[in-house]
Structure formats: C-alpha cells, structure tokens
Amino acid sequence: MAARAPGGDNAVVPKLTDDQVSGALAGLPGWEREGDMIVKTFELATFPAAIEFVVVIADRAEAENHHPDIDIRWRRVRIALTTHDDGGLSEKDVALAGEIEARAGAYS
C-alpha cells in the first residue's frame, strides 16, 4: 500500500524501496534508518533554542500534514520520521528531513 498525499488529497505517495532509502540517507548527514523510520538527534545551543527548533518543525509538519515523532531532552531533539498511515518510509519523510536539516543550523 502507499501513503496518502498531504492535505487530504486522495493521491498516493508510494513507499520507498530499501535502495531508495539508502540513497536518500546519503544526502542527509547524520540521519539513520531504524526499521521503518529515519532518525536524527540534533544538539542545539540552548534549551530555548531547542524549543524554538521544535516549533519550526511543528509548523512545517502541520502545513504538510506529516507529523514526526519528536523527543526533547534538554538541548537534544530527536526526530523520527515515518509515514504513519502506511507503516513505512515515503518521499514525504525524505523531504521533511531535508527541510529540518536546512533549518537546524539557525539553532545550533
């Protein structure tokens, strides 16, 4: 099965193959695969910076209707992405990981 597209669209987003996931991770420094998730832990400059970073991620995730699992431990923020609707990884996960990566530097 494939995941639903964002915004309630009935189009589907196909799950990535193992090779596609490996290829995508090559372009996402520090991201690793854990089962049906891609994960990364960011260490931010301060606890308030970590919270601001999470708010930015939350706003973007809400806009895309694609919500990561987020764990905050003082200055460390662990992000886990998977396409929950289908129990696997899709291009939506890779795209959001890239957006998160691009924003992380502003809070380090």
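Read the figures in this text as sums done on the coordinates, not as results from a lab. This structure is a prediction, so every number in the text was calculated from the model and none was measured. Ideal geometry is used to build each Cβ from the backbone, glycine not excepted, and the neighbour counts take in all protein chains shown.
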(request) Return the distance in nm (one decimal) between the two label points of a simple spin-label model at D18 and R73, each offset 7 Å from Cα along Cα→Cβ. (result) 2.9 nm
(message) Below 12 angstrom from the Cβ of A95, what's the summed charge of the other residues (Lys, Arg +1; Asp, Glu -1)?
(response) -3
(request) Would you indicate which of (1) 0.97; (2) 1.01; (3) 1.25 is the value of Rg/Rh (Cα atoms, Kirkwood Rh) derived from the coordinates of this structure? (result) (1)
(request) Using only Cα atoms, find the angle between the long axis of helix 47-64 and the longest principal axis of the chain, and express it within 0 to 90 degrees, rounded to the nearest 10. (result) 20 degrees
(request) Tell me the label-point distance for the pair R103, N65, using the 7 Å Cα-to-Cβ offset, in nm and rounded to one decimal. (result) 1.9 nm
(message) Rounded to the nearest 20 debye, what is the charge dipole size of segment 35-108 about its Cα centre when +1 sits on each Lys and Arg Cβ and -1 on each Asp and Glu Cβ?
(response) 460 debye
(request) For the chain, find the longest principal axis of its Cα atoms and tell me its angle to the long axis of helix 91-104, 0 to 90°, nearest 10. (result) 10 degrees
